Each structure stands twice: as structure tokens, then as C-alpha cells.
Amino acid sequence: MQTRHIQTDRLNQQVLEAGSGPLVLLIHGFPELGVSWRAQVEALAAAGYHAVAPDMRGYGGTDKPADTTGYGILDLVGDMVDLVRALGETSCVAVGHDWGAPVAWHCALTRPDLFRAVFALSVPFQPRRPTGPPTAAMAALSKRAGLGQLYISQFQAADAHEAFEADPAAALRKAFYAYDGATPDGRQSTGFFPEGETFISTIPNDATLPPWMSEAHFREYVAAFSAGGFKGPVDWYRNLDRNWAGTAFLQDARVRVPAAFVVGERDPVRHYAGAHEAGLKDWAPDLRTQVVVPGAGHWIQQERPDEVNRLLLDFLRQPGVGA
């Protein structure tokens, strides 16, 4: 396993990689890094694949454009297209978790010639709806739920990242705790917050690291986000309405390549993405696998690495997937 930098068309990307064989691209979410996939990189390499896990645009050792508009979904998909080409490959399987899942879904949706299959964790495919910008829909959802504001709506504020940057270690510890499967009922986040509160302020101050996260692994996150900040990562959320405006050409498009979806039973994302999970087969007609992992939370590839690795390798071995 090695870390190196790869210059692509628009970015210098840091990647964690190992192995040789068919390419599998591992796309992380918020607030994660390429090292979030360490267990998968190791397992894939041992099974005869070339596993590559980049720090995504705005994260870790990869470039961090200053302009908020540089973090749109087509920019993120373009980064992955550029990376595959820079690696000398002509096709790969896209694997994504959290925000990385929408990137992986859109890789398969827009470039099925290059991304021959998609394996998504935690976040199901969410089709573009013709009913208007998503932030308005989120506000309506929050009002109907009566639980306060959804954190994604809060992240639209220009200064939202500052709550994380005030104390990166505390913010990261709380975030991992609040969405972990081992966190007791009543202390796990729902993603909705009362007026005047923030993502960070609603999580108990005595939050501990999840059982799967070592102090050494946690220090990797703290060092990366202390150095690089949270503006770029939160900018991904600030492009939701812009993404909607720029993807009218994808209206009613379906993911036609072989697909898989895995989610933790206790993943809080299910509170606001459950309907998309239930209707996934309608939008990914070649859905080969859909699994709910009992007791698991949001950080599933780290919480349950053995199970995720087994499901991923089983998927890759299916006809038309792993090549």
C-alpha cells in the first residue's frame, strides 16, 4: 500500500493505492479521506485488483480550489474521469460512500463507457426531480418532520464550515460518534437540529471515538482537516442547487450499469433518504445487490470492513462487473 500524488487535468490528487489488475476506484465522503478505505484497498489488492482511493477535491493532500462553485457534481465526476485516464486505464468500477456515493452514481450515469459498474454505500441514487431546487425540498421536509432544520440546509450558510474549524478534533470526534452504529439510541443524530443549534452543538460533549477507530487513525483525520480546513468539503453541499440547475440533461436518466447498494441498519441517512432507498430498483434496473447490514451505522466500510469487503468482492466477481 502506498500514497502518491497524480497530476490530472485540473488537480494534483493524492491517492492511496495497492495491487494490480482491474481498476477499482474508491470515493470517500464527508468528513473522510482516502485512508477511510484502507481495509478495502488491502482486501482488493489481495484479491487481484488495482485499488485506488483518492483524497477528493478539497480534502487532505489533494488540491483545494478556493471558489465555492468549483465543487459541483460535474467537477467531481470529471476529477474521477481524469484520474482513471491518468492511471492509464480505460474502465473501472466506481465505489462510493456518503457524498462519494452520489459521485459514483453520477460517474456511472454520465460515463457508463468508462465506469462499468457502481457499488454505493449509505447513500442511494437520488434522481433529479423536475420540481425545483433541492434546498427548497429539504426545507419542506424539515417543516413536515417537525424536527428542526436538516444539517444540509444549515451547511448552505457561507460560514457553516467555521463551526468545524473552531476545534477540528472535537468536531470530527462528534461527527463520527453521532453517525456510528454503536452509539446508543437517543444519542445518535437524526440529521435535524432545533433552531439556533448546529451540527456540532447538538452532539454531546462527552462523545467518544467509535470502537473501530484507533487514536492513531483519528490523528490522521485531525491532522488533515486542521491543515486543509472544512471550507472545500462543505462547499460540496453549497452546490446542491447549482447541481440541479446544471443537470437538466439527466432528467429521468437511469443508471444502466450493474449496481449494488449497501447501508447500515442504523445509518441516520435513512431518516431522509429512505424513500430513495426503497425505490432504488426503479432507477438502477440492473441492481444486483441491495443489503441492509444489521446494527451498522453510517461509517460502514470502517465499522464493518469484513462484511463490506465480502459484499464488494462478491459483486466484482459477477458477470460484467469486475472484468
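Summarising the strand pairing of the chain, around 35 percent of its internal DSSP beta bridges are antiparallel. Using only the C-alpha atoms, the convex hull of segment 1-107 corresponds to 86 Å³ per residue.
Estimated from helices alone, the mean residue ellipticity of the chain at 222 nm is -10500 deg cm²/dmol (sum of -39500 (n - 2.57) over DSSP H runs with n ≥ 4, per residue).
Full extension of the chain segment joining residue 271 with residue 241 gains 8.7 nm, where the gain is 0.36 nm per residue of separation less the Cα-Cα distance. Note on the chain: GNM, Cα springs under 10 Å; of 123, 292, 263, the largest mean-square fluctuation is that of 292.
Counted over all Cα-Cα pairs of segment 153-287, pairs farther apart than 17 Å make up 70 percent. Annotation: lysines with alpha-carbon distance below 30 angstrom to residue 174 (same-chain offsets under eight excluded): 64, 143, 231.
For segment 162-243, applying the loop criterion from DSSP together with a ceiling of 11 other beta carbons within 10 Å to the GluC sites (Glu not before Pro) yields 195. Computed from the C-beta positions of residue 165 and residue 39, the FRET efficiency with R₀ = 25 Å rounds to 0.30. The fraction of all Cα pairs in segment 20-169 landing in successive 10 Å bins from 0 to the largest distance is 10, 35, 34, 17, 4, 0, given as whole percents.
What number comes out for accessible area per residue over segment 186-256 if the probe is 1.4 Å? Units Å², please.
Per residue, segment 186-256 has an accessible area of 48 Å².
Shape summary of the chain, radius of gyration then Dmax from alpha carbon positions: 18.2, 52 Å.
With every protein chain kept in place and ligands, DNA and RNA left out, what is the accessible area per residue of segment 86-182? Probe 1.4 Å, answer in Å².
Working: 3530 Å² over 97 residues.
Using a 1.4 Å probe on heavy atoms only, each residue of segment 86-182 averages 36 Å².
The residue 131 and residue 89 beta-carbon pair, evaluated with R₀ = 41 Å, returns a calculated FRET efficiency of approximately 0.60. Computed extension gain for residue 195 through residue 219, at 0.36 nm per residue and net of the alpha carbon distance, reaches 5.4 nm.
Once neighbouring chains are kept in place and the probe is 1.4 Å, which whole percent of the accessible area of the chain is contributed by carbon and sulfur?
52 percent
Less than 10 Å Cβ to Cβ from residue 296, Lys/Arg counted +1 and Asp/Glu -1: what total charge do the surrounding residues give? Computed value for this residue: -3.
Would you mind working out the magnitude of the charge dipole of the chain relative to its Cα centre, with +1 at each Lys and Arg C-beta and -1 at each Asp and Glu C-beta, to the nearest 20 Debye?
Approximately 720 debye in magnitude.
What's the local net charge at residue 267, with K and R +1, D and E -1, over the other residues with C-beta under 11 Å away?
-3
State the extension gain, in nm to one decimal, for the chain segment bounded by residue 310 and residue 278, taking 0.36 nm per residue of separation less the distance between their alpha-carbons.
9.2 nm
Beyond 15 Å, the tail of the calculated P(r) for segment 1-48 holds 48 percent of the Cα pairs. Applying both filters, DSSP loop and at most 15 other Cβ atoms within 10 Å, to the GluC sites (Glu not before Pro) of segment 247-323 gives 265.
Where does the charge balance sit around residue 306 when Lys and Arg score +1, Asp and Glu -1, over other residues with C-beta under 13 Å from its C-beta?
Numbers: positive: 304, 310; negative: 42, 303, 307, 314.
Here the count lands on -2.
A cut-off of 5 Å between modelled amide H atoms, ignoring neighbours fewer than 5 places along the same chain, links residue 123 with 98.
With only Cα atoms counted, segment 220-265 has Rg and Dmax values of 16.4, 42 Å.
Probing with 1.4 Å while keeping every protein chain in the model, the per residue accessible area of segment 260-311 equals 38 Å².
The values are calculated or read from the model by the stated rules, or taken from the named source; none is laboratory data. Keep in mind that this is a model prediction, so the values were computed, not measured. Backbone-built Cβ (ideal geometry, glycine too); neighbour counts: all protein chains shown. Heads up: the accessible areas ignore ligands, DNA and RNA and are worked out on the full protein's heavy atoms, side chains in. Shrake-Rupley method; radii C 1.70, N 1.55, O 1.52, S 1.80 Å.
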